[in-house]
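Report on the structure given below.
Laboratory data are not the source of any read-out in this text; all were calculated from the coordinates shown. As the structure is a prediction and not an experimental result, all values here were calculated from the model. Every residue, glycine among them, receives a Cβ derived from its backbone with ideal geometry; neighbour counts consider all protein chains shown.
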Amino acid sequence: MGIKSNSKSKSKSSFNSNSNSNSKNNSKVLTLPTILTLARIAAIPLLVATFYMDGWRGTGGCTSIFTAAAITDWLDGFIARKMNLNSTFGAFLDPVADKLMVATTLILLCTQPLDLPLFSQTPWLLIIPSITIIGREITMSALREWAASQGSKLQQAVAVNNLGKWKTATQMTSLTILLATRHCSHGGPALLVASGVLLLYMSAGLAIWSFVVYMSKIQKVLLR
């Protein structure tokens, strides 16, 4: 009897300590992943400034900043999981930083069309997927905020799925290519630009597809 009660008390105390550590992490405002997320937001003005610089200094600068932001986007999530540094503030801020960086880059690319004859004939080529992606992100942000106020079932319905992850991957790859090749106009680089545009349209398609999936899940929850 004494051994059983001791083991129960030990397991209970360990559970309490784990729950206490998790609650402490959630209450922290500045953790390492959150600092990386804040750094991504702080890098946005630098991205804008380097985008309008002339020559390869501007192209290389803004491409490097965007690539670093994409890497830290993966890195802060990895650190948060491995080191148990999840926080409520970080969970809120991370998607905000991603959306700000992506929306800024899309708008920049639309204001200064790529140096290719194709874009002089079809200036709307980047505008259509950009509006689709930005519109979807704004709508999903509002939808997730509404779902959070309605209960856990709706929150689960709008949790990030594999389609959303593929959308993010194609989006980041596309924007990196388009930033790096925006002053290229001949031969191989032109084909690379075309692949970047194609990936951007794929990302827009995945954005719409994932949004339809989310809405279908929400409808099932509401009709129960």
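In table form, for the structure just shown:
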read-out	value
Estimated inter-spin distance, Leu223 and Ala39, nm [label 7 Å along Cα→Cβ]	4.7
Mean Cβ count within 10 Å, highest first, over the residues of peptides 158-164, 174-180, 195-201	174-180, 195-201, 158-164
Whole-Å semi-axes of the ellipsoid equivalent to the stretch 116-224 (Cα gyration tensor, √5λ, descending)	35, 12, 10
FRET efficiency for Ala68 and His183, using Cβ-Cβ distance with R0 set to 25 Å, rounded to 0.05	0.80
Eligible aspartates and glutamates near Lys82 by straight Cα distance, threshold 16 Å, same-chain separation 8 or greater	Asp73
Gain on full stretching of the segment that runs from Ile138 to Ala103 - 0.36 nm per residue minus C-alpha separation	11.6 nm
Kirkwood hydrodynamic radius over Cα pairs of the stretch 29-112, then Stokes diffusion coefficient at 37 °C and 0.692 mPa s, in µm²/s	247
